[in-house]
1. For the stretch 480-495, which positions are outside any helix (DSSP H, G or I) and within 21 Å of Ala309 (Cα to Cα)?
2. Looking at (1) surrounded by fewer than 20 Cβ atoms within 10 Å (Cβ to Cβ); (2) at pLDDT 85 or above, can you tell me which one Gly409 breaks?
3. So which residues in the stretch 473-504 are surrounded by fewer than 13 Cβ atoms within 10 Å (Cβ to Cβ) and either in contact with a Gly (Cβ under 7 Å, 6 or more places away or on another chain) or small (Gly, Ala, Ser) (or both)?
4. Hey, can you tell me all the residues within the stretch 422-463 that are touching a Gly at 6+ places or on another chain (Cβ under 6 Å), part of a strand (DSSP E or B) and without any contact (Cβ under 8 Å) to a residue 40 or more places away in the chain?
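The values are calculated or read from the model by the stated rules, or taken from the named source; none is laboratory data. What you see is a predicted model, and the numbers here were worked out from it, not measured in a lab. Methodologically, a virtual Cβ is constructed for each residue, glycine included, from the backbone with ideal geometry; neighbour enumeration extends over all protein chains shown.
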Amino acid sequence: MSARSLNWLKFGGLVALAFALGLLFAGLLDLPNRSSAQEQGRGAAAIARVPVPSIPAARPLQDLSESFAAVAEHVKPSVVYIRSQRTERTTQQQVPPGMERFFPRFRQQPEIEQGSGSGFVVSADGYILTNNHVVEGAEQVTVQLLDRREFKGKVVGTDPNTDVAVLKIDATNLPPMALGNSDDARVGEWVLAIGNPLGEGLTFTVTSGIVSAKGRALPGLPARGQGSIQDFIQTDAAINPGNSGGPLVSVRGEVIGINSAIASETGFYSGYGFAIPINLARTVMNQLIESGQVHRAALGVSIADVSLADAEYVGLPAIRGVVVKDIPSEDSPARAAGIEPGDIIVAVDGKPVEYVGQLQQIIGFRKPGEVVKVEVARKGGARKTFGVKLQALADTPQVAAGDGAEKPGDGTPGGTAMNRLGISVEPVGTDAAAELQLPANTRGLIVTNVTPGGPAWDVLYDDPQRGGPDIILSVEGQDVRTEADLRKALQAEKPGSIVTLRIFNPRAQSRRVERIRLGEGQ
């Protein structure tokens with residue numbers, strides 16, 4: 001055999017040996033005998049379906065989730081999307097009259113202003129409840145239902161003081177929402193806010209939260225008149241621009257409020273939303289449907305929430321009630337009945353009064369001429385009850401403080417420092433009376449400086465930018481026209497005691513009562 005043949009034979013033997021060894025190792029390692037694609041399909045088919053876990057402790061959460069979903073499904077068909085439109089005509093003259101044709105781009109054109117909001121159906125024949133600010137000044141209102149049908153909306157009536165409006169659409173067999181009792185709503189209970197936040201892209205959105213407070217007033221909202229009522233339900237359910245007018249719903253599926261405002265530095269939701277109590281809205285709605293306007297009754301007093309000093313002064317065990325700051329009219333029914341400035345109203349017809357918004361609702365929607373029993377607390381814990389015949393509320397806009405000249409001594413501590421009150425004062429002279437346009441019978445002491453952090457800080461005002469200067473008319477019922485009068489009025493009072501001051505504010509042309517705890521000093 002030739003050498004070449006021998007080499008080929010050896011090579012073939014080595015190949016055969018290698019193949020045999022490969023089969024041996026494959027058997028030992030149990031390598032797959034299918035392709036990767038085949039193996040992938042076999043593995044996927046082998047994964048078993050995992051059963052739903054049973055977690056008894058999570059059952060309450062599952063029930064709550066089911067409740068939210070059921071309530072949302074039930075009430076969403078009653079919520080509507082509202083679009084409003086009005087024409088804003090420009091008043092600024094861009095070019096001389098008669099020259100517009102030479103400057104077509106500067107021709108004055110009316111601007112179309114569009115807005116949107118929410119509302120909800122309250123009757124099968126098409127009555128809809130929403131916010132006044134959603135449709136205020138609107139020339140055209142369009143209402144869209146959940147099923148995308150659209151109707152032209154008619155504004156039946158509006159009430160700016162409560163921010164409530166009623167619309168009517170020409171439709172039948174609509175699903176009305178059940179109106180609950182907002183007085184029964186408790187802090188901490190779950191609620192859903194339903195509406196159309198941020199325009200048409202997010203219509204019929206549902207958010208959840210709790211009632212986080214009740215009886216809230218929002219200082220940032222402008223008062224629309226003497227009948228303005230602020231008694232909001234606060235919630236942490238997410239509310240954004242466009243949610244206005246939508247319902248705040250309990251887990252029972254009842255409306256307890258109308259979403260109306262948010263507290264935010266950016267204009268978007270930051271954790272605090274506010275709703276008008278449905279009890280208040282229902283009363284306004286019924287009057288608007290019946291007569292197209294709201295009629296209110298009044299006691300004829302100016303009021304504010306009770307302060308700690310007020311409560312201690314009349315011996316109240318808790319800071320509750322409403323203080324009569326002033327009785328501005330001579331024909332006030334409260335004055336005729338015997339109520340005085342400084343009285344603390346603690347009950348009406350036996351029902352306890354806690355804060356201003358509550359009293360406004362109790363009195364505001366009674367009938368003029370009706371007699372109510374008003375219980376007041378006075379100095380030393382004295383209690384008296386008066387029968388007050390209510391008068392119709394002449395709802396005129398509140399007087400706003402206007403710009404004026406700086407007061408005498410502004411910027412410097414004029415007069416004698418009254419350390420016990422933490423103020424400086426000056427008698428009202430002839431020049432000051434003329435400059436401040438004081439009524440002839442109004443004389444006292446001008447507050448020229450208030451010590452920061454002192455007893456009168458944030459109670460009396462000397463700064464025109466904050467509505468000052470205030471004028472002190474009397475202390476504990478004693479008229480004060482000089483610094484000596486003020487010292488004499490305070491002479492019998494001990495440090496830490498609370499005194500009543502009658503104040504006149506020239507800018508607002510109003511009188512009020514303030515109570516201040518005296519500090520140390522003479």
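1. Ala492, Glu493, Lys494, Pro495, listed by residue number.
2. Single failed check for Gly409: (2).
3. Gly477, Ala484, Ala492, Pro495, Gly496
4. Hits for the stretch 422-463 are Ser424, Glu426.
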